[in-house]
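So the structure is just underneath, and the comments pick up after that.
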Amino acid sequence: MPEKPLTQHIPADRQALDLRAYESVGGYEGFRKALGGMTPQAMQQVVKDSGLRGRGGAGFPTGMKWSFTPMGADAPHPKYVVANADEMEPGTFKDRLLMEGNPHQLIEGLALAGFAIEADVAFIFIRGEYTLAQERLTRALAEAYEAGFLGKDILKSGYSLEMRLHVSGGRYMCGEETGLLNALEGKRANPRAKPPFPQVSGLWGKPTIVNNVETLSNIPHIVAKGAEWFKGLSHSPDAGTKLYGASGKVKRPGIWELPMSTTIRELLEEHAGGMRDGVRFRGLLPGGASTDFLVEEHLDTPMDFTSVQNAGSRLGTGTMIVLDDQTCPVGMTSNLTAFFAQESCGWCTPCWSGLGWAKQILAAMEEGHGKEGDLDKLSFQSKFWSPGHTFCALAPGAAEPLQSALKFFREDFERHIREQRCPWRA
């Protein structure tokens, strides 16, 4: 059976591992190893060698990201490390599983990231709706402090780290790392201009690293077992395992930890059980709402960063939203566009104005008021949401389901306009 380091010790009853149970299965071994003889630079190199890429959506190499942080005696302090646990991407619930089932794994990974960049303070930035995860993380933090894994002179190593849980007000923009940092400072969650990048000037103007929960949860295992072990878990150069998910009208919606590059077909047919009786597959968003649709011709695509990109989409969070033949693709696209329009921070015109315009066009189309030329307007608008035209990635992400829906399901859009109704409504 393939190894499942992230989830294999999460109890079947979904109760959280406490400190004693976590240590009994190897917890904090990586942290002890790092503080017992590794330098921060050696820590960074191990993670570089492992090939770990960010699991929050962008897929940037984690060790390389850490290496951009100023190090040594002349580096500014305090330095910060932040776990992005906001998880507001529609269709995505993988980080919730990790935080609720094994909170110490995240705490250890965040502490190791802190050690790697010589951070003084760590934050877990969590969405407000994740109340159970908050409770379990709060208990786990108290246990970690009591056992000496956090605080001053950790394990008599000379390294100190304070760690705090910060509950977010809960907006999609808080998932963008500079919007998150503004929110953490008590400001509106607007994105920041880059450069300077957070690694140099982040939280309160000090060097800061922001990593996703799943990304950080891999770190203890990499340090304890080595870079080559981690690379051996995958079917491709994109190393490690991945938490994949599926929602929609499949027989067994859920999350599975599998080798990176598991195919869409295996995920859909074997793990999700295929489509429910009476419905057929039409397409899916492979990595949450802000990715391009893929259709039947793409079912044998390996779910890794390069393969999904070559198929015309993005791996994103790796959590599929499945579209069936009894769900209106126009209605689905309209719903997603309305979400992104609502969550726009309003910082740049192509995003707040363009998304609002597209929301109105799609809603009118669903209500039977579509007009000739609407599809051209939508295509025209979405071009202004592409990278380089907006301040952050919210609008480019919102463009992906719309542009790909117009490509693969254009006849459905045209039928709405031609018949002046939604054919899926009674």
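The values are calculated or read from the model by the stated rules, or taken from the named source; none is laboratory data. Note that the structure is predicted; figures quoted are calculated from it, not measured. Neighbour counts run over all protein chains shown; Cβ positions are idealised from the backbone, glycine included.
Any residue at all in segment 261-279 that is closer than 18 Å to Thr215 by Cβ and not in a loop (DSSP other than H, G, I, E, B)?
For segment 261-279, residues closer than 18 Å to Thr215 by Cβ and not in a loop (DSSP other than H, G, I, E, B): absent.
Taking Ser67, is it surrounded by 20 or more Cβ atoms within 10 Å (Cβ to Cβ), modelled with pLDDT of 95 or more, of a type in the set (Ser, Thr, Tyr) and within 24 Å of the chain's Cα centre (by Cα)?
Numbers: surrounded by 20 or more Cβ atoms within 10 Å (Cβ to Cβ): no; modelled with pLDDT of 95 or more: yes; of a type in the set (Ser, Thr, Tyr): yes; within 24 Å of the chain's Cα centre (by Cα): yes.
So Ser67 fails the test.
Answer yes or no as to whether Tyr80 is of a type in the set (Phe, Trp, Tyr), in contact (Cβ under 8 Å) with a residue 24 or more places away in the chain and either under 27 Å from Thr262 (Cβ atoms) or out of contact with any strand residue (DSSP E or B) (no Cβ under 9 Å at 6 or more places or on another chain) (or both).
Taking the combined requirement at face value, the residue does not satisfy it.
Could you list, in sequence order, the residues of segment 24-43 that are farther than 19 Å from Thr7 by Cβ and either among the acidic types (Asp, Glu) or surrounded by fewer than 23 Cβ atoms within 10 Å (Cβ to Cβ) (or both)?
In the first step, residues of segment 24-43 are kept if they are farther than 19 Å from Thr7 by Cβ; the result is 31-43.
Residues satisfying the conditions are Arg32, Lys33, Leu35, Gly36, Gly37, Met38, Thr39, Pro40, Gln41, Ala42.
Just to confirm my filter: which helices (runs of 4 or more DSSP H) fall fully inside segment 344-426 and include at least 1 residues that are surrounded by fewer than 15 Cβ atoms within 10 Å (Cβ to Cβ), under 24 Å from the mean Cα position of the chain (by Cα) and free of Cβ contacts under 8 Å to residues at least 40 places away in the same chain? Steps first, please.
Values: elements: 349-366, 374-383, 394-408, 410-419.
Passing ranges: none, list empty.
Among Gly226, Gly202, Gly179, which is in contact (Cβ under 8 Å) with a residue 60 or more places away in the chain, buried (at least 21 other Cβ atoms within 10 Å of the Cβ), outside the structural domain of Gly346 (by TED's automatic domain parsing) and under 27 Å from Gly51 (Cβ atoms)?
Result of the check over Gly226, Gly202, Gly179: Gly202.
Among Arg252, Arg265, Arg282, which is of a type in the set (D, E, K, R) and surrounded by 19 or more Cβ atoms within 10 Å (Cβ to Cβ)?
After ruling out the rest, the residue left standing is Arg282.
Name every residue in segment 24-44 that is in a helix (DSSP H, G or I) and among the aromatic types (Phe, Trp, Tyr), in order of residue number. Full working, then the answer.
To start, the set of residues in segment 24-44 that are in a helix (DSSP H, G or I) comprises 24, 29-37, 40-44.
Of everything in segment 24-44, just one residue is in a helix (DSSP H, G or I) and among the aromatic types (Phe, Trp, Tyr), namely Phe31.
Is it the case that Val330 is under 18 Å from Arg53 (Cα atoms) and not in a strand (DSSP E or B)?
no
Is it the case, given these coordinates, that Val47 is surrounded by 19 or more Cβ atoms within 10 Å (Cβ to Cβ) and in contact with a strand residue (DSSP E or B) (Cβ under 6 Å, 6 or more places away or on another chain)?
Against the criterion (surrounded by 19 or more Cβ atoms within 10 Å (Cβ to Cβ) and in contact with a strand residue (DSSP E or B) (Cβ under 6 Å, 6 or more places away or on another chain)), Val47 does not qualify.
Of the residues Arg20, Arg55, which single one is touching a helix residue (DSSP H, G or I) at 6+ places or on another chain (Cβ under 7 Å) and either at pLDDT 95 or above or closer than 29 Å to His235 by Cβ (or both)?
Working: Arg20 fails: touching a helix residue (DSSP H, G or I) at 6+ places or on another chain (Cβ under 7 Å).
The conditions single out Arg55.
Being under 20 Å from Pro220 (Cβ atoms), under 10 Å from the mean Cα position of the chain (by Cα) and among the polar types (S, T, N, Q) is the filter here; which residues of segment 73-112 pass it?
Asn84
Filter segment 5-23 down to the residues that are buried (at least 21 other Cβ atoms within 10 Å of the Cβ) and in a helix (DSSP H, G or I) and list them by number.
Tyr22
Output the residues belonging to segment 280-305 that are among the small types (Gly, Ala, Ser), assigned to a strand (DSSP E or B) and over 11 Å from Leu323 (Cα atoms).
Selection gives Gly288 alone.
Of everything in segment 67-123 that's among the small types (Gly, Ala, Ser) and assigned to a loop (DSSP other than H, G, I, E, B), which residue is nearest to Leu19 (Cα to Cα)?
Of all residues in segment 67-123, those among the small types (Gly, Ala, Ser) come to 67, 72-73, 75, 83, 85, 91, 101, 109, 111, 113-114, 116, 119, 122.
Checking the rest, the ones that are also assigned to a loop (DSSP other than H, G, I, E, B) come to 72-73, 75, 91, 119.
Numbers: Gly72: 33, Ala73: 34, Ala75: 34, Gly91: 31, Ala119: 23 Å.
Result: Ala119.
Which of the residues spanning segment 183-195 are of a type outside the set (Gly, Ala, Ser) and at pLDDT below 95?
Correct list: Lys187, Arg188, Asn190, Pro191, Arg192, Lys194, Pro195.
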